[in-house]
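Contents: one structure, followed by commentary.
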Amino acid sequence: MDPEVQKESREDDDDRTVVAEIRRRCFVPAFVTTVPWEGFHFAGHEIRINEATDYYGAVVWPSALVLCYFLETNVKQYNMADKNVIEIGAGTGLVSIVASLLGAHVTATDLPEVLGNLQYNISRNTKMKAKHLPQVKELSWGVALDKNFPRASTNFDYILAADVVYAHPFLEELLITFDHLCKETTVILWVMKFRLEKENKFVDRFEQLFDLEEISSFPSLNIKLYKAMKRNLKSVCYPQRRTWKAKAISGRLLL
């Protein structure tokens, strides 16, 4: 067999194995409840997440599961214990909960309409379990960043983001938010599902400001996991206008 074909076959096998393991971490209630919820096993705990079907931010998406699994299985290289961590677009709070259970000082952020369910899920799953009590804060991308997250007192070791890039008109504001929250030593762990051309273009734009490294890929889910850190700003050019060049991202969608 051709070596390249053998390599692709091994990668496909690895992808299927890891995705199957991630799926095994999920469970559903054995009985019908008035409030829909899903269960997960991460960081040595059973986590129950309330969901809502009327808002994207109140649903657990596969990218969040990928990030939770990564945090749990890479604790030596990406140690969350006693680190200052912020999650943007926290949604149901699953990623923030796992980071908190792994010992981090967590700030979970999202839009105002999501915060009630987010706070409920985080409190329910971290009370008397987490070393540090997580905080829940409103964060509208690009809005009042200096007021709510002043640079002088904002010092995050990690920024976590799962599936924050999709078909919405606020990608430039998202980029501004990443830039504002980052110090030179901040590490971004960002998981993205590729759906539309905008995702490809955003990666190109993101690489203008950050050193970006793909550290894991899940072709069967069309998901990639990235690590990023701020570029040396002296070497970055800021053109007033730029036409983004799309990258071709291969992968198979899971239907």
Are there any pairs, at least 6 apart or on different chains, whose C-beta atoms fall under 8 Å, with the first in region 128-149 and without any contact (Cβ under 8 Å) to a residue 12 or more places away in the chain and under 15 Å from T109 (Cα atoms) and the second among the aliphatic types (A, V, I, L, M) and part of a loop (DSSP other than H, G, I, E, B), and if so, which? N148/L139
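Let's see how each residue does on (1) modelled with pLDDT of 90 or more; (2) under 19 Å from the mean Cα position of the chain (by Cα); (3) in a helix (DSSP H, G or I); (4) farther than 28 Å from S140 by Cβ:
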| position | (1), (2), (3), (4) |
| --- | --- |
| D12 | no, no, yes, yes |
| A20 | yes, no, yes, yes |
| L65 | yes, yes, yes, no |
| V85 | yes, yes, no, no |
Considering residues that are assigned to a loop (DSSP other than H, G, I, E, B) and touching a strand residue (DSSP E or B) at 6+ places or on another chain (Cβ under 7 Å), the number found within region 126-144 is 4
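Here is a yes/no grid of residues against (1) at pLDDT 95 or above; (2) out of contact with any Cys (no Cβ under 6 Å at 6 or more places or on another chain); (3) under 30 Å from C182 (Cβ atoms):
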{"residue": "V35", "(1), (2), (3)": "no, yes, no"}
{"residue": "I47", "(1), (2), (3)": "yes, yes, yes"}
{"residue": "A52", "(1), (2), (3)": "no, yes, no"}
{"residue": "G57", "(1), (2), (3)": "no, yes, yes"}
{"residue": "C68", "(1), (2), (3)": "yes, yes, yes"}
{"residue": "A81", "(1), (2), (3)": "yes, yes, yes"}
{"residue": "I88", "(1), (2), (3)": "yes, yes, yes"}
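Select, from F202, F178, the only residue that is part of a helix (DSSP H, G or I), modelled with pLDDT of 95 or more and either aromatic (F, W, Y) or on the phi < 0 side of the Ramachandran plot (or both). Steps first, answer last, please.
Numbers: F202 fails: modelled with pLDDT of 95 or more.
After ruling out the rest, the residue left standing is F178.
Looking only at residues that are small (G, A, S) and in a helix (DSSP H, G or I) in region 90-103, which one is surrounded by the fewest Cβ atoms within 10 Å (Cβ to Cβ)? Outline the logic, then answer.
Kept after step one, since they are small (G, A, S), are these residues of region 90-103: 90-91, 93, 96, 99-100, 103.
Keeping just the survivors that are in a helix (DSSP H, G or I) gives 96, 99-100.
On the way: S96: 31, A99: 30, S100: 27.
By that ranking, first place goes to S100.
Results for (1) open to solvent by 10 Å² or more (accessible area, probe 1.4 Å); (2) of a type in the set (F, W, Y), shown as yes or no for each residue.
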residue: P150; (1), (2): yes, no
residue: F156; (1), (2): yes, yes
residue: L175; (1), (2): no, no
residue: V187; (1), (2): yes, no
Right, A108: small (G, A, S), touching a strand residue (DSSP E or B) at 6+ places or on another chain (Cβ under 8 Å) and within 21 Å of K127 (Cα to Cα) or not? yes
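Within region 104-125, count every residue that is open to solvent by 10 Å² or more (accessible area, probe 1.4 Å) and in a loop (DSSP other than H, G, I, E, B).
1
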Pairs, first free of Cβ contacts under 8 Å to residues at least 12 places away in the same chain in region 163-183, second open to solvent by 10 Å² or more (accessible area, probe 1.4 Å), C-beta under 9 Å, six or more apart: H168/K198
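Is it the case that Y166 is open to solvent by 10 Å² or more (accessible area, probe 1.4 Å), modelled with pLDDT under 95 and not β-branched (V, I, T)?
Values: open to solvent by 10 Å² or more (accessible area, probe 1.4 Å): yes; modelled with pLDDT under 95: yes; not β-branched (V, I, T): yes.
Judged against the criteria, Y166 is a match.
The values are calculated or read from the model by the stated rules, or taken from the named source; none is laboratory data. Model, not experiment: these values are computed from the prediction. Here Cβ is always computed from backbone atoms with ideal geometry, including for glycine, and neighbour counts include all displayed protein chains. To get the accessible areas, we keep the full protein, side chains included, count just its heavy atoms, and leave off ligands, DNA and RNA. Shrake-Rupley method; radii C 1.70, N 1.55, O 1.52, S 1.80 Å.
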